[in-house]
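What follows is a set of notes on a single structure, which appears directly below.
All of the numbers you see were taken from the coordinates with simple rules; none came from a lab. This is a predicted model, so every value here is computed, not measured. FYI the Cβ positions are ideal-geometry reconstructions off the backbone, even for glycines, and counts take in every protein chain you see.
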Amino acid sequence: MLQTEFVRSMQCNYERILLDKKPEEKRYQYCILNRGGIKGLLSCSLRYLNGLAYLYYDITSKQSIMQLYGKRCITREWFKDFLWSLGQIQTELGRFLLDERNILWYPEQIFQELESNVFSFLYIPYYEGESSFLKLLEYLVEHMDYEDEVLVECVYKMYEQYEQNGDVYLQSQIFKDAKILDMETDADKKPVTEAEKQTESNYQSQADSLGMPDSVKIEEAKQGMSENPARKGIRYLLDGRRRKQKDARESYQQNMQLAMEGYAVAEKAFYEIKEEMEDEEYGKTVYIEETKNPQEENGKLYTLDGRIVMQLSQQTCTIGKKKDEVDLALDDFSVSRIHARISKEEGSTYLEDLNSTNGTYKNGIRLQPYEKKKLERGDEIKIGKVELMYR
């Protein structure tokens, strides 16, 4: 099990990996990696601390794809760019006689430059751990755009083929299968003919007799139920993600309306009124019991002069200057595109640095990259040079 952590040193941010044994520094892969200059690989250096050996990977101004796509969908264009980068890094590794099985394919270990969108990969010399490409495909299944049926079909096929063939599939066949991504999608929008409607109706009738879930039975009927268990398993997985994403889209407007109605009700019922009958001639005495406004439980971000910057009502709030990627945009040269995040976990609120260039501070103390610190009311927060107060 790899032991990784994020640290800052000499104005740079690093992902640091502890090696489980003393490396043979003079072996070829260490020499080549230390030499640097390999396009697509994170710059790496070998360092020793307290008798332990660490590999330091420079991730300054980069974000992992897990961080970038935690709240949004991966598109077909993004995936095509990624596959192009995959082909490029394979070429580079072949040119330097390096083993591509030593790349970590976990989503949290693949980085993207926010300005240029260039991908960078993490290479561990003589790595003996398990291949992690399947984990990457599982992440794509979770986060791809299910409105794009061509993308879904492509990822599904890659998942199935990699399960069957392993790393051999990455040599050339994966790029042949990726050609489906160049298909035009306008054909999907053409009018459905009567013959096609009748065919679909036949599939529906056949599927009804199988007693399968509505969302998958037509597809299974089309396949004639001839798929192997692995194929059916990934199809159910894909279908589940598709339904989940569709339900979220359909319920978004309804949820927003309910939320707004909830605020209106809370405003009207800010005081709970209880009536007590009295015998006095003055009639009713109204007892007013003060209740807690749900919005008061949410913290707020203020400027130092007392202006409210944001009500922290969401589960997570991402802060940066790239407006279409963050929840709170700060227009300041010292703020990174995706700089920090405030999140709620188990009733507490936390501040996290997201590998920023100029740092995230809590009460004057700088956080390490991806380090989390619990926030208390009255804490001072510094995002680059922008100073805020949490209350």
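Can you figure out the FRET efficiency of T357 with Q164, using R₀ = 30 Å and their beta-carbon distance, to the nearest 0.05?
About 0.10, to the nearest 0.05.
To the nearest 20 debye, what charge dipole does region 1-158 have about its Cα centre, counting +1 at the Cβ of each Lys and Arg and -1 at the Cβ of each Asp and Glu?
About 740 debye.
Restricted to Cα positions, what overall size does region 1-100 have along the principal axes? Three whole-Å values, descending.
46, 32, 28
Would you mind calculating the gained length between K80 and M10 on full extension (0.36 nm times residue separation, minus the Cα-Cα distance), in nm to one decimal?
21.7 nm
For L46 and Q315, compute 0.36 nm times the residue count separating them, minus their Cα-Cα distance, and round to one decimal in nm.
Additional length available on full extension: 93.0 nm.
At a Förster distance of 51 Å, what's the computed FRET efficiency of S131 paired with Y302, Cβ-Cβ distance as r, to 0.05?
Working: r = 49 Å, r/R0 = 0.95.
Efficiency at R0 = 51 Å is approximately 0.55.
Expressed in nm to one decimal, what extension gain is obtained for the pair E149 and K21 from 0.36 nm per residue of sequence separation less their Cα-Cα distance?
On the way: separation 128, 0.36 × 128 = 46.08 nm, distance 4.65 nm.
My answer for the length gained is 41.4 nm.
If R₀ is 56 angstrom, what is the calculated FRET efficiency for the pair K179 and K385, using the beta carbon separation as r and rounding to 0.05?
Result of the calculation: an efficiency of 0.70.
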